[in-house]
Each structure stands twice: as structure tokens, then as C-alpha cells.
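Here is the structure we will look at.
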Amino acid sequence: MNYRYVMHEEAVKDLVEAYLWYEKQREGLGGEFLSAIRNIVLRISLNPEVFAERSNRGYREAMVRKFPYSVVFSVYKRKKEIFISSVHHHKRDPYKKYRT
């Protein structure tokens, strides 16, 4: 069963910043990053409960392949919705990944 997803506006900013940084490092690398994000969001939307809860507030995390990022999200079963709170770099402040 597919869940639709909604992204926090700051998560969109995280995504754009990371894309631009990777694209600046090597042309096409930003596209590879976006493709990896798309793949993990698809996996999340197909079966979000496969990913373990990482906080007492119900957040779950899915690691992005080949990149040091995680997609941090909450699941709303009744709405069949995923709320992506951040696209979080593993070296950044861990407290900023849990947005409401």
C-alpha cells in the first residue's frame, strides 16, 4: 500500500542545498543524489514501518545509499501519509533532524 508524502519546507531546503553542493563537486553528482533520495522515498512510501523508530516522538530514519544522509520521517497511518521532517547529513547537529 502506497503512502503519499509531504515534506517540511526546511527538508526541501536541505535537499536543494545538498543537491547544489554535490553538483558543484562534480557535474551529475547532484542528480545521483536526487535519484538516491527518490529511491529511498519510494521504499518508505511502499512500507514505512520497515524502518525502526529512532526517537520517542515517533520519528523514523532511512539511510540514503552512497551518500551520508538520512531521510527522517513520521508515519500517519489513518491518512496514509508520510511526513518528511528533514533530509539530514550525518555530520550535522542531530537535534535539528526532528522537526515538527
Return yes or no: is Tyr3 surrounded by 14 or more Cβ atoms within 10 Å (Cβ to Cβ), in contact with a Leu (Cβ under 7 Å, 6 or more places away or on another chain) and not acidic (Asp, Glu)? no
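Conditions (1) free of Cβ contacts under 8 Å to residues at least 40 places away in the same chain; (2) closer than 18 Å to Val12 by Cα, marked per residue:
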site	(1), (2)
Arg57	no, no
Glu61	yes, yes
Ser70	yes, yes
Arg78	yes, no
Ile82	no, yes
Ser86	no, yes
His90	yes, yes
Can you pull out every residue in the range 1-47 that is in a helix (DSSP H, G or I) and basic (Lys, Arg)? Lys13, Lys24, Arg38, Arg43
Output for the range 56-66, where each listed residue is over 12 Å from the mean Cα position of the chain (by Cα) and at pLDDT 95 or above: Lys66
Scanning the range 8-67 residue by residue, those of a type in the set (Val, Ile, Thr) and either farther than 15 Å from His90 by Cβ or touching a His at 6+ places or on another chain (Cβ under 9 Å) (or both) turn out to be Val12, Val16, Val41, Ile44, Val50
I need a count of the residues in the range 20-35 that are surrounded by 13 or more Cβ atoms within 10 Å (Cβ to Cβ) and under 15 Å from Arg65 (Cα atoms). 6
Selection from the range 52-80 of residues in contact with a helix residue (DSSP H, G or I) (Cβ under 7 Å, 6 or more places away or on another chain), buried (at least 18 other Cβ atoms within 10 Å of the Cβ) and assigned to a loop (DSSP other than H, G, I, E, B) yields Val64, Phe67
Which ones in the range 26-46 are of a type outside the set (Val, Ile, Thr) and touching a residue at least 40 places away in the same chain (Cβ under 8 Å)? Ser45, Leu46
Looking at the range 81-100, which of its residues are modelled with pLDDT under 95, of a type outside the set (S, T, N, Q), in contact with a Lys or Arg (Cβ under 8 Å, 6 or more places away or on another chain) and not in a loop (DSSP other than H, G, I, E, B)? His88
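The values are calculated or read from the model by the stated rules, or taken from the named source; none is laboratory data. Quick caveat, the model's predicted, so the values are computed rather than measured. So basically every Cβ, Gly included, is an ideal-geometry build from the backbone, and we count neighbours across all protein chains shown.
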